[in-house]
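This report refers to the structure that appears directly beneath it.
The values are calculated or read from the model by the stated rules, or taken from the named source; none is laboratory data. Treat the numbers as computed from the prediction; the structure is a model and nothing was measured. Quick reminder, even Gly has a Cβ in these numbers, built from the backbone with ideal geometry, and neighbours come from all protein chains shown. Side chains included, ligands, DNA and RNA excluded: accessible areas come from the protein's heavy atoms. Shrake-Rupley method; radii C 1.70, N 1.55, O 1.52, S 1.80 Å.
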Amino acid sequence: MQNPTLVFEALAELTQNHNDLSKYLSFEWYTATTSHDEILTLAKKYHIEQLTHVYNYVPLNNVPSLLNTSSVVLVLTNKPTKNGPFSVMTTKFFEALGCERPVLCVQSDKGCLAQVIQQTNAGLAGENIEQVKTFILEKYSEWKQMGYTTQEVNLSAKNSFSRQAEAQQFIQLLSQL
């Protein structure tokens with residue numbers, strides 16, 4: 001369901017061609033212990049182990065502050081096959097959207113998640129290495145200039161996913177019964 005290869009490939013190329021990027025970039029993972037070795041193996045394969053840091057999950061109440069200090073939030077997905085997965089919309093995506101952090105979704109599912117990223121202007125649902133590299137370089141340049149990154153999220157589209165909007169939709173459904 002998730003394939004991080006595209007971002008590893010992009011970071012490998014970028015760090016080869018942009019020496020200063022390696023000095024400042026930190027690729028941080030907060031994931032299940034069972035995934036740590038796999039991530040570190042990929043980092044070594046792509047020669048980015050010096051910037052890859054793997055941590056255990058954090059408590060839910062720490063997620064917003066962690067997201068707010070992130071320059072880019074990575075959301076992993078994959079292209080669907082005829083057997084799936086089909087447009088998995090993770091809470092991580094909605095948390096990043098709520099914090100208005102730039103989202104890098106790889107590899108684009110070319111479905112609902114990609115559409116919502118586009119509609120909300122939340123970031124990029126990357127389909128190829130060039131798109132991912134361009135997005136990372138744009139955010140890196142922004143961070144170098146301002147000391148942080150931004151994302152001009154479409155607020156009306158974002159608000160359609162709020163708990164208040166969901167409650168209104170639920171009321172409408174119940175009223176129709």
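Once label points are set 7 Å from the Cα along Cα→Cβ at both V58 and H18, what is their separation, rounded to one decimal in nm?
2.4
Name the longest site-free stretch of the chain, where the excluded sites are trypsin sites (Lys or Arg not before Pro) in a DSSP loop with no more than 16 other beta-carbon atoms within 10 Å. Numbers along the way, then the final one.
Numbers: sites that count: K82, K110.
The answer is 1-81.
Roughly speaking, to the nearest percent, how much of region 96-141's 1.4 Å accessible area is carbon and sulfur?
Taking all protein chains in place, region 96-141 shows 44 percent carbon and sulfur surface.
Return the percentage of antiparallel bridges among DSSP beta bridges fully within region 19-177, rounded to the nearest 5 %.
Details: 1 of 13 bridges.
Just about 10 percent of them are antiparallel.
Taking all protein chains together and a probe of 1.4 Å, list D109, D37 from the most accessible to the least accessible.
The ordering from most to least exposed comes out as D37, D109.
Name the residue farthest towards the positive end of the dipole of the chain from the options G147, V103, A12, assuming +1 on Cβ of Lys and Arg, -1 on Cβ of Asp and Glu, about the Cα centre.
Of the candidates, V103 comes out farthest on the positive side.
Students often get this wrong, so try it: which of (1) 17.3; (2) 19.9; (3) 22.3 is Kirkwood radius over Cα pairs in Å as calculated from the structure shown?
After the calculation, the listed value that fits is (1).
Keeping every protein chain present and rolling a 1.4 Å probe, give me the accessible area per residue for the chain in Å².
Dividing the accessible area of the chain by its residue count gives 61 Å².
What's the magnitude of the charge dipole for the chain around its Cα centre, counting Lys and Arg as +1 and Asp and Glu as -1 at the beta-carbon? Answer in Debye, nearest 20.
That gives a dipole near 220 debye.
For the chain, what is the mean residue ellipticity at 222 nm derived from helices alone (per DSSP H run of n ≥ 4: -39500 (n - 2.57); sum divided by total residues; nearest 500 deg cm²/dmol)? Present the calculation step by step, with values, prior to reporting the outcome.
Working: 9 runs with 93 residues, N = 177.
Result for the chain, helices only: -15500 deg cm²/dmol.
Computed FRET efficiency, Cβ-Cβ of T34 and T5, R0 22 Å: what is it to the nearest 0.05? Provide the component values of the computation, followed by the final result.
Working: r = 19 Å, r/R0 = 0.84.
For T34 and T5, the calculated efficiency is 0.75.
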